[in-house]
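This report refers to the structure that appears directly beneath it.
Only the coordinates and a few stated rules stand behind these numbers; no lab work does. Here the structure is a predicted model, which is why all the values come from computation and not from measurement. Heads up, the Cβs are rebuilt from the backbone with ideal geometry, glycines too, and the neighbour counts pull from every protein chain shown.
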Amino acid sequence: MSDALSDHGSDIQQDDSQEEDVMTPAELIAKLEEAWLNEKFSPELLENKSEVVECVMEQLTHMESNLQRVKKGDVKASVHRMEIDRIRYVLCSYLRARLQKIERFFPHVLEKEKSRAEGEPSLLSPEEYAFAKEYYANTETYLKTVALKRMPANLQTVDLLKAVPEPCVDSFVFLRVKERQENILVEPETDDQREYVVDLEEGSQHLMRYRTIAPLVSSGAVQLI
Amino acid sequence: MFGEKAVELIRELHRMSDGQLPAFNEDGLRQVLQEMEALYDQNQTDVNEAKAEGRAELIPSIKLRHCCLLRNQRCLAAYLYDRLLRIRALRWEYGSVLPPNVRFHMCAEELQWFAQYKKSLASFMRSFGGGEGLDITQDMKPPKSLYIEVRCLKDHGEFEIDDGTVVLLKKNSQHFLPRWKCEQLIRQGVLEHVVS
């Protein structure tokens, strides 16, 4: 998918002066795909990758403007057009998946953001944070004006944190190991089982509870599939 | 019985299973709120009586009424919230302008919520790519081919494609168009994807 890009996007490297490692477009797209799959399959919201999103956006605009210069009827043009479409699909799908989780779990997402320690990276990008706050306020006002205001005095509040379901981190996910891990503690499923440890070999695939491997997903050691 | 009307509201939504939006049941909502008011008043008098005259036998019925109140509150909140989720799904399906028959089923506050949601979503999408924006309600399915064959279901007038060509979308005419241009029109029901 990313081969067709490589002759286009050399200027992306100049824009990333704040980032230490220089990324080729192919690596960038691989990063996007990784973030996309992780976000799609994990039950809870993951850390935002806004710098990847921004870079991909730049890349897309760049490719579009390159395409304008190509003469009509060129075979190469339609190949590139298809490439743009596919990248845009991945990007949109990624952002959509995040937004859907924010909407679904908005009280919990905001609560997590509030209790975040100073210096710890935020799960939400500034735009997503603004969206989540607006969504919260909007929904709360709506419930108040339509029903809660007209209820008896002691019932005029609903604790949204309790009313809206939490993400189910106990669900099972498929994963592929990218870096070898040792001594992963697996919690018992039933009462007569005891907890045990497993080693995850590089390249192997597993089906495990999300809770067990959540830190490995955010560190990038495993990839959800 | 207490709580019956509130559950009826939930059932009404449940019957419309495939995400359709039934008309806002203002009447049902009012009846539940009235029931809650009556329960609350009754409880207030009983509480006062129990306190003043020490009548402990009133306490179980107070508790029962309070449970009913909580249940009604919960049902109403669920009814309203589930409707919001359906309305949200409509935004993604139809775009920012809802068809009149759907708007007809919404109450004034829901319209307000929808307008605000639309605004939040729009400013979120505008924030990408240095103010240029990215419409994430497009590209809902992975692209298979660049061009697709579509049939017009109603007259839509002229339609310009990226390279400047203008096609006339007349009812029952068939066209071979870039997919990324017609996705929205397909969802609005103007075009139909012809799968041969």
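With n ≥ 4 as the cut-off for DSSP H runs, can you work out [θ] at 222 nm for chain B, using -39500 (n - 2.57) per run divided by the number of residues, rounded to the nearest 500?
On the way: 6 runs with 109 residues, N = 196.
Calculated mean residue ellipticity at 222 nm is -19000 deg cm²/dmol.
Considering the zone a paramagnetic label at B:Leu153 would reach in this model (a point 7 Å from Cα along the Cα-to-Cβ line), which residues of segment B:3-45 have amide N under 20 Å from it?
Under cut-off, by backbone N: B:17-22.
For a quick check, take a GNM of chain A with Cα springs below 10 Å and name the residue from A:Ala26, A:Ala130, A:Ala117 with the largest mean-square fluctuation.
Result for chain A, Cα springs under 10 Å: A:Ala117 fluctuates most.
Once you order the gyration tensor axes a ≥ b ≥ c over the Cα atoms, which shape class does segment B:147-193 get: rounded for a/c under 1.5, otherwise prolate or oblate by comparing a/b with b/c?
Since a/c reaches 1.5 but b/c is at least a/b, the shape of segment B:147-193 is classed as oblate.
Simple spin-label model, 7 Å along Cα-to-Cβ: A:Glu182 to B:Val47 in nm?
Calculated label separation equals 6.3 nm.
Rounded to the nearest 500, what is the 222 nm mean residue ellipticity of chain A from helices alone, with -39500 (n - 2.57) per DSSP H run of 4+ residues and division by all residues? Could the numbers behind the result be given before it?
Numbers: 8 runs with 115 residues, N = 225.
Counting only the DSSP helices, I get -16500 deg cm²/dmol.
When the Kirkwood radius is taken over all Cα pairs of segment A:49-127, what Stokes-Einstein diffusion coefficient follows at 25 °C and 0.890 mPa s, in µm²/s?
Values: Rh = 15.1 Å.
The calculation lands on 162 µm²/s.
When the expected Rg is taken as 2.2 N^0.38 Å, what fraction or multiple of it is the alpha-carbon Rg of segment B:53-173? Don't skip to the end; give the middle numbers.
Details: Rg = 24.6 Å, N = 121, 2.2 N^0.38 = 13.6 Å.
So segment B:53-173 has a normalised radius of gyration of 1.81.
Given A:Lys49/A:Lys162; A:Lys49/A:Lys71; A:Lys49/A:Lys114; A:Lys40/B:Lys154, which pairs have Cα atoms separated by over 27 Å?
Working: A:Lys49/A:Lys162 29 Å; A:Lys49/A:Lys71 36 Å; A:Lys49/A:Lys114 20 Å; A:Lys40/B:Lys154 37 Å.
Pairs exceeding the cut-off: A:Lys49/A:Lys162; A:Lys49/A:Lys71; A:Lys40/B:Lys154.
Run the dipole for segment A:168-225 about the Cα centre, Lys and Arg Cβ at +1, Asp and Glu Cβ at -1, nothing else charged, and hand back the magnitude in debye, nearest 20. Walk me through the intermediate numbers first.
Details: 6 positive and 11 negative charges, 65 e Å.
With Lys and Arg at +1 and Asp and Glu at -1, about 320 debye.
I need the shape label for the protein assembly as shown. Rule: rounded when a/c is under 1.5, else prolate if a/b > b/c, else oblate, with a, b, c from the alpha carbon gyration tensor.
Working: a/c = 2.51, a/b = 1.44, b/c = 1.74.
Oblate, since a/c reaches 1.5 and b/c is not below a/b.
Using Cβ counts within 10 Å as a stand-in for footprinting exposure, how do B:Tyr147, B:Tyr79 rank, fewest first?
Fewest-to-most ranking of B:Tyr147, B:Tyr79: B:Tyr147, B:Tyr79.
Label chain A by shape, choosing from rounded, prolate and oblate, from the square roots a ≥ b ≥ c of the eigenvalues of the Cα gyration tensor; if a/c is under 1.5 it is rounded, and otherwise prolate applies when a/b is larger than b/c, oblate when it is not. Don't skip to the answer; put the middle values down first.
On the way: a/c = 2.41, a/b = 1.31, b/c = 1.85.
Verdict is oblate for chain A.
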